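Worksheet for the structure shown next.
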Amino acid sequence: MSNPISILVLDDEPLVGDRLKPALEKKSYEVETFTDPREALKRMESRDFDIVLTDIRMENIDGIQILDTVMRTSPRTRVLMITGYATMQLARRAMAKGAFDFIAKPFKIADIQEMVAKAAASLAES
């Protein structure tokens, strides 16, 4: 693949993006981070991302709404869900709506890197 995998990271806690951006860029991914879901949605209007990594519980717009938008506008995009409020019901709901994978906070950076690598590999296969 000639172009690097593009990733949008959305979490209303700035620390999450601050930690994930360098960790993912080290793996040669192109990463943009957002703390405001409205800004992330606006950016997604002008660019398709290969992977969207989004928190589920945020003010105004939640991760399920982000997932719905991505599935409608860019079905090939892999959506990875992050939450500090992990429940099996929420995980099943996200997966039924098309999420590629799901991880609970607190997470290890290595676990996110592994989840992103799986999503990137599935893009290459499709």
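Readers should treat all values here as calculations from the given coordinates under stated rules, not as data from a laboratory. All values reported here derive from a predicted model rather than from experimental measurement. Methodologically, a virtual Cβ is constructed for each residue, glycine included, from the backbone with ideal geometry; neighbour enumeration extends over all protein chains shown.
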Q.
Given the DSSP H assignment, sum -39500 (n - 2.57) over each helix run of at least 4 residues in the chain and divide by its residue total; what's the result at 222 nm in deg cm²/dmol, nearest 500?
A. -14500 deg cm²/dmol
Q: For the range 6-125, take the alpha-carbon Rg, divide it by the Kirkwood Rh, and send me Rg/Rh.
A: 0.91
Q | Cβ-based exposure ranking for THR33, THR73, in which fewest neighbours within 10 Å come first | A | THR73, THR33
**Q.** Pairwise Lys count, the chain - Cα closer than 18 Å, eight or more residues apart or different chains
**A.** 8
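Express in nm, to one decimal, how much length is gained between LYS42 and LYS118 on full extension, taking 0.36 nm for each residue of separation and deducting their alpha carbon distance. Walk me through the intermediate numbers first.
Working: separation 76, 0.36 × 76 = 27.36 nm, distance 2.66 nm.
Gain in length upon complete extension: 24.7 nm.
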